[in-house]
Structures are given as structure tokens and as C-alpha cells.
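Below is one structure, written out as C-alpha cells; the observations come after it.
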Amino acid sequence: MSAPSLNPDDFEFGDPDKYRAHIAELMALVSMRANLVGDYAVLRDDAGLRYSMKCAAAEFRAALNLLGDLTEQTERERQRRQPASRTHSNPEARQ
């Protein structure tokens, strides 16, 4: 059984799941392009091979960039919550 699909339109702007959905979508495209590369190689179609590989590389780079954005966002969220939990966890430490 495969994992449920993520649709980027189902999430609000700024939601980490929107990033994850876009990354999953791009990687599905990379997978499709990889299959096309195999077909073009068998057919000895160098133009199709070249084009599919360039598209796959661009989609992979875009997914990596989104992963970097997701990492930055989740780190900011973690840091934003961390100081609040420290100050509330031990009120006597401020005295």
C-alpha cells in the first residue's frame, strides 16, 4: 500500500506540509523523467534523452532548494518555541 498523496493546494502558505507536498510532487516528476530516460536510451533518441535528463536535474534541484527552505522554517519554529518553554518551565530561575 502506498502512502497517501499530498496535494500542495490542501495546505496554507507557510505550512511545512505545503513544502513537503511540493517536494513529493517534484520527486514524482523526477521518477517519471527517469523512466523516460530509460525509454529514450533504448530507442537511441539522444535528443529526448538529453531533454529528459535536463528536466529531471532541474526538478531535482528545485526539490533540494525546497528542502533547504523547509529545514530553515522548521528550525526557526523550533527556536521560536524553545525560549518560551525555557522561561515557563522554571519560573524560580529568574529570581
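Here are the numbers:
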item: Selection status of M27, free of Cβ contacts under 8 Å to residues at least 40 places away in the same chain and either part of a loop (DSSP other than H, G, I, E, B) or farther than 23 Å from T74 by Cα (or both); result: no
item: Pairs where the first residue, in region 36-58, is without any contact (Cβ under 8 Å) to a residue 12 or more places away in the chain and surrounded by 15 or more Cβ atoms within 10 Å (Cβ to Cβ) and the second is of a type in the set (S, T, Y) and assigned to a helix (DSSP H, G or I), C-beta under 9 Å, 6+ apart; result: Y51/Y40
item: Subset tally (residues that are of a type in the set (A, V, I, L, M), out of contact with any Phe, Trp or Tyr (no Cβ under 6 Å at 6 or more places or on another chain) and either at pLDDT below 95 or closer than 20 Å to L6 by Cα (or both)) for region 16-55; result: 8
item: Close pairs (6 angstrom Cβ cut-off, 6 or more residues apart or separate chains): in contact (Cβ under 8 Å) with a residue 40 or more places away in the chain in region 59-83, among the hydroxyl-bearing types (S, T, Y) and assigned to a helix (DSSP H, G or I) anywhere; result: L66/Y19; L70/Y19
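The values are calculated or read from the model by the stated rules, or taken from the named source; none is laboratory data. These figures come from a predicted structure and were not determined experimentally. Every residue, glycine among them, receives a Cβ derived from its backbone with ideal geometry; neighbour counts consider all protein chains shown.
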